[in-house]
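Readers should treat all values here as calculations from the given coordinates under stated rules, not as data from a laboratory. Because the structure is predicted, anything quoted here is derived from the model rather than measured. Here the Cβ positions follow ideal geometry from the backbone for every residue, glycine too, while neighbour counts run over all protein chains shown.
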Amino acid sequence: MKIFNLSMECYPVAKVGGLADVVGALPKYLNKIEGVEASVIMPWYNKPFVHEHSFETVFDGWIHQSRHMYQVQVMKERSKTLGFDLYLVKIPGLLDRNDPYGYWDGDQQFLAFQHGVLHWLSAMEIRPDIIHCHDSHTGLVPFMIENCPDFSFLKDVKTIGTIHNGEYQGQMKWEMTGYMPWFHGENWGLLDWDGFINPLAAMIKCCHAFNAVSEGYLNELFHHFRGLESLVSQESGKAYGILNGIDTEVWDPATDSFLDFNFGKNDAAEGKLKNKTVLCEEYGFNPDLPLFSFIGRFAGEKGADLLPEIVWKSIQQTYGALNIMVLGSGDKNIEYQLSELTRSYSNFALDLGYKEYLSHKIYASSDFLLMPSRVEPCGLNQMYAMRYGTVPIVRYTGGLRDTVTDVSSGGSGINFGTASADDTVHAMHRALHMYHEEGLMKNLIQSNMNYDFSWEQSAEKYMEMYRN
């Protein structure tokens, strides 16, 4: 079975969030299944990975967008170093940038990627068994395959859509059809939702099957989907909930090269303390105090706007008997508020930006990980935390509901019900009581490391969806 994964992100080439981790791992583990040939197609970015690896040009052509002609080059990584074939689509002026998102012409950028990919496959008569589209940025591919005559060679190729985050649907004004390949006008309704082109809605309507990245999140979409609730109910017969996995080869405290000290299940408590001591020394913390951390984007869906109040209240209420570490970036107002708090509290540290190496160190060093998410389709951070023996403190929603059971019920972490600073701080007080029960913490560290969130299980469930 030949499978192409289409995505704007893929770790380690270009990463903004969890999408990159999923796309960088799923095809690698699919390829371990007999008879499967899974690949990734993504835009070319001006990133270190691209310059440090060797590529060959496998296609050079042209596409029309509105009144413009754009060159489309497809480059294949030569060594298969990621465990799968990697194809980069370069379109000078559109897909030759430093980062995936944040450009004024982002809609045109995403359209060009989808158009360019299908033009290449059609021109070279490459017909996969499955085209797997990840999120709204590739959501128009199922429509284009079935309704654009330019791609008649690909008609009836099976398409899969994965909803990594339904908050971002990619709505565009109808003028953007001028940047699309010609399609049969009578089918415009497949693109439309509430008077706009909605790529995520189009993907759900036109693909052969779609999935959300956890069972819990799929259930939530029937009730909270930013206006698409009726659509997902209508198309529920082709809906799946498949929990993401984590790449246990990349995320392994026993071999992780980013750590100062490696450790396994048998020496986890000692290994974590050694790593924590180094991190605390770097940031001026007392290593005898519990370390709470947050890693992620500063966005409302992550509950990051609650962080300033969480930091202030937790330090005040505990008289400073804890350390708090935050790694991330995003909303500038949140960044400013957190930066101001570092001036007042020596036991609070902020590292702005995203640093892969530092995230590994924080997971290995922390006692507790904070995830006060309003929306969490799957969540990978809680899985990374547990893999490294860290106790997750999570709001009970989406994929967090599927992966973290409260310790009061014999589970792996602490749950709370409302995305609020008060509920989060209350959960932190529970964690402080746990921290001072040495036997409980040691057992929890070891038991958390025994959870299996590997991609082998998830890959088999994706295969079941493909076969169906």
So the angle from the long Cα axis of helix 307-317 to the longest Cα principal axis of the chain, reported in degrees to the nearest 10, equals 10 degrees
Simple SL model, points at 7 angstrom along Cα→Cβ for Ala269 and Glu356; separation in nm is 3.4 nm
Rg from C-alpha atoms of the range 258-415, normalised by the globular rule of thumb 2.2 N^0.38 Å, equals 0.98
The relative contact order of the range 268-452, taking Cα pairs under 8 Å that sit 6 or more residues apart, comes to a percentage of 22 percent
Rounded to the nearest 500, the 222 nm mean residue ellipticity computed for the chain from DSSP H runs (n ≥ 4, each -39500 (n - 2.57)) alone is -10500 deg cm²/dmol
The number of Lys pairs in the range 268-452 whose alpha carbons lie under 23 Å apart, excluding pairs fewer than 8 residues apart on one chain, is 16
Note to self: C-alpha centroids of the range 44-101 and the range 212-250 sit apart, in Å, by 30 Å
Taking every other residue with Cβ under 14 Å from the Cβ of Gly24 and scoring Lys and Arg +1, Asp and Glu -1, one gets -3
The rounded separation in angstrom of the Cα centers of the range 435-460 and the range 325-402 is 18 Å
For the chain, longest principal axis from Cα atoms; helix 455-467 axis from its Cα atoms; angle between them, nearest 10 degrees, is 30 degrees
Given 48-60, 304-316, 227-239, the highest-first ranking by average Cβ count within 10 Å works out to 304-316, 227-239, 48-60
Filtered hits (aspartates and glutamates, Cα-Cα < 15 Å from Lys80, offset >= 8 within chain) -> Glu37, Glu52, Glu56
Longest principal axis of the chain (C-alpha) makes with the long axis of helix 18-30 (C-alpha) an angle, in degrees to the nearest 10, of 70 degrees
For the range 147-248, listing chymotrypsin sites (Phe, Trp or Tyr not before Pro) in a DSSP loop whose Cβ sees at most 11 other Cβ atoms within 10 Å gives Trp182
